[in-house]
Amino acid sequence: MTPPKLFQITTLIAAIFGSAAHAERSTVQDKQQFLNLVSGKTLQRPLVSLVVTPSGTITGKGALREVKGQWTWKDGYFCRTLYWGGDDLGYNCQLVTFDGRKLTFTADQGAGQSAAFSLR
């Protein structure tokens, strides 16, 4: 993999799963609660803008490249496949929390890196 491509992938992964500020958060318990939060909204953070639809699609941009994927709710987790440009970022189930302003996704069922998104 060329260094510029590696840098782009690292940048996107950091943007999607980077550290989130710690705030009082509650776990999003189920699909309906999640949909109530994201329906009609855009999830945003620096360099990333995503739309997560009730029909199970993910679309948007990350570091100027197209992002698309599919998601489902499984056993209390947001589970998704994701493509960034032509790169397959794989399948991952994530813990979702909400602090009243931002949704935070934590990879690997809550054991991995986190990223907080504003809802606009």
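Values in this text are rule-based calculations from the coordinates and carry no lab data. Note that this is a predicted model, so its numbers are computed, not measured. Cβ atoms come from the backbone with ideal geometry, glycine included; neighbour counts cover every protein chain shown.
Annotations for the structure displayed:
- Given (1) outside any helix (DSSP H, G or I); (2) of a type outside the set (Ser, Thr, Tyr); (3) surrounded by 13 or more Cβ atoms within 10 Å (Cβ to Cβ), number of the condition Phe34 does not satisfy: (1)
- Among the residues of segment 75-118, those that are charged (D, E, K, R) and surrounded by 17 or more Cβ atoms within 10 Å (Cβ to Cβ) comprise Arg80, Lys102.
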